[in-house]
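S.K.: Take this structure first; my questions come after.
The values are calculated or read from the model by the stated rules, or taken from the named source; none is laboratory data. None of these values were measured; they are calculated from a predicted model. Remember, those area values only see protein heavy atoms, side chains included, never the ligands or the DNA or RNA. Shrake-Rupley method; radii C 1.70, N 1.55, O 1.52, S 1.80 Å.
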Amino acid sequence: MDDELIACQACEAHFKKDDLQRSCGNCFACTGCEIYVCAVCKAEIIVRPMRQIKKSTGERSGN
C-alpha cells in the first residue's frame, strides 16, 4: 500500500493515493500517468502527467 500523501491544488485537501479514484483515459498506449480525482472538489490531481506519444512520420530511408 502506498501511504504517500498528495494535495489537491484546487482545494488544498490532502489524501493518501490509495483513498482516491484514478482518472484513466484508457489510452491506446498507456503513458504511465498518475491522475486522480479529488474526493472533495472533483478536480484532477496530476501526480505524473501523460507523456506525449511520439508519432511516426511514415518516412523510410532506403534505396
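S.K.: Accessible area of Ile46, 1.4 Å probe, to the nearest 10 Å²?
M.R.: Accessible area, nearest 10 Å²: 100 Å².
S.K.: Any chance you could look up the accessible area of Asp19 with a 1.4 Å probe, heavy atoms only, rounded to 10 Å²?
M.R.: Near enough 110 Å² of accessible area.
S.K.: Show Phe15, Phe28 ordered by accessible area, largest first, where the area counts protein heavy atoms only and the probe is 1.4 Å. Intermediate results must be reported in sequence, preceding the final value.
M.R.: Working: Phe15 30, Phe28 215 Å².
Final ranking, largest accessible area leading: Phe28, Phe15.
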